[in-house]
1. Heads up, I need the accessible area for D231: 1.4 angstrom probe, whole protein in place, Å², nearest 10.
2. Extension gain E270-L398, at 0.36 nm per residue separation less the Cα-Cα distance, in nm?
3. Give the ranking of S541, S414 by solvent-accessible surface, highest area first, calculated with a 1.4 Å probe.
4. Not counting ligands, DNA or RNA, and with a 1.4 Å probe, what is W73's accessible surface area in Å² rounded to the nearest 10?
5. Which links in K97/K281; K354/K391; K225/K354; K225/K381 stretch past 32 Å when you go from one Cα to the other?
Amino acid sequence: VLFQLLDCVRTSSTTADKEKIESGGGNILIHHSRDTAEKQWAETWVLTLAGVARIFNTRRYLLQQLGDFFEAWEVLLNHIQSAALSKNNEVSLAALKSFQEILQIVTPVKDSDKAGDALAAMGVPPVLIDPLSASGPGRPLVRSDSLVERLTRYNGAELQAPPPGEESALEDSALWWSAWNTWYRTGTESTRPPCGPAEKLAFIPSQPFLTALIQIFPALYQHIKANFSMDDLKKLGVILHGAVSVPISSDASPFILPSYTEATLTSLQEAVLTALDVLQKAICVGPENLQIMYPAIFEQLLLFVEFSCKPPQYGRVETKHVANAKYNQAEWVALNYVPFAERSLEVVGDLYHKTACHKAVINEKVLQNIIKTLRMPLGLKYACPSESTWKLAVSSLLKVLSIGLPVARQHASSGKFDTMWPELANALEDFLFTKRYVFLKPLRRGGQDSGCSCGVVQLISTEILPNKVSTPQEGYISRMALSVLLKRAQDVLRRYVEDERLSGRCPLPRYVRAVACKMDGNTWAQVIALYPTLVECITCSSSEVSTALKEALGPFKDFMQPPVSKVQNGES
């Protein structure tokens, strides 16, 4: 009866007339949200689906024992998926609410006395189903293939907790995996970008719908986590990535998006990070074989980190920047992904702090992948969409390396980190010798910006250069880092002198001093080549420069030696 009703309502809703219905005259007025047959049938669909889902929720113990509950469950899920993929926002969102409701079903524990206490603690009445009452004499509890007879056998008797032999049916994972498949299909279909050139008629899901879709996952995961596999995690990642890539309608953007200056996340972005947090915590407390999922979690988070400098594209849908949304220059508005990307980076740092020594994290080269992802904001520096991004990238790099470098040295003989060292060298070179911004810009920043570079130089001097070299790759990065530092120092000093002559006053960054270590001939030549540039700084009026100049010129006394005389044929 219920499913036949749903079928009829769904058919009527999808074929209803879209023509506006005029008011019936007199005092009868029709609200604009219900002024077509299509809108009225949509509301009917919403109410019918919600009612059926509620019956499955509150009467599940009864329905479970009818013998064909799994088939009925699949039919219900099919109706939920069909409604969720409807192009009517009201119907699709209501379908997800019905999905959420059926996932809140509580399975009773074996001890019926403890079951009542547990349910009461969760705010659920101990008796979930009222006794059935009907006219006519009762019938013996005899199994039958007739649905009517199965229902009638409960006549006049209170429903008790299922016997031990049948309790496993309540916990049948097939029910929840069927729900997972429905969620996955719904998510895949709703987040897939339109094919070909963007059309105005292309349907793009709303942010409330996508938020509700992602918020379903934590409740669903509690039922399937025992057998949740790496393939399932990859499926989840596709949906999460697709959901956050969906643009927002320009009409709805003022009500959903924070202002561009606010570093806040949208509800959808919060839901995406919450879903990954649920997985992360489950892996942490779960068996050791779950730890193979850590690299996949990192991979997903690092994809989100890239959004800070390279926002995702949703197919070929033309979008405008969020700052221009108020001018309605486009039908769709791109999100501000900077806060979301930066929060993802913070999560990466915290997670690596906890998992750096895990076997899977080492084998899958997570540290190298983190460094590789950070190269973009480190290299762009002031060219990043937000200045806070590259500063967070620096602090995150320092945090990760303070934990990762000791692990890398500990496993040096395994070769797992051999390709990490060149990647780190390139990242440091991109940051310290940035090619994408004007040199005079950071010179005038002073203070905080100089401190970021100082931190990187300090890391090189304390964590990289003086440590015993355990691998050829590590020796390579030491030589390369020092060469880059010297070149950077000479260029900064030379440009500072030029800028000071033009502007009069300009604070010198404090990170231009070289560090002492064993150096080859080429490196010593670079150090000596700094001397003429330092001499040029003598005329600078800044007391800060004068103090630094004294410290820098002092060590050059070691180079001042009389030339070695050579005697040939008795003559010098």
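The values are calculated or read from the model by the stated rules, or taken from the named source; none is laboratory data. Because the structure is predicted, anything quoted here is derived from the model rather than measured. When the accessible area is computed, the model is the full protein with side chains, heavy atoms only, and any ligands, DNA or RNA have been set aside. Shrake-Rupley method; radii C 1.70, N 1.55, O 1.52, S 1.80 Å.
1. It works out to around 100 Å².
2. On the way: separation 128, 0.36 × 128 = 46.08 nm, distance 2.61 nm.
Full-extension gain reported as 43.5 nm.
3. On the way: S541 90, S414 60 Å².
Listed by decreasing accessible area, they come as S541, S414.
4. Estimated to the nearest 10 Å², W73 gives 0 Å².
5. Numbers: K97/K281 26 Å; K354/K391 23 Å; K225/K354 21 Å; K225/K381 41 Å.
As for pairs spanning more than 32 Å Cα to Cα, those are K225/K381.
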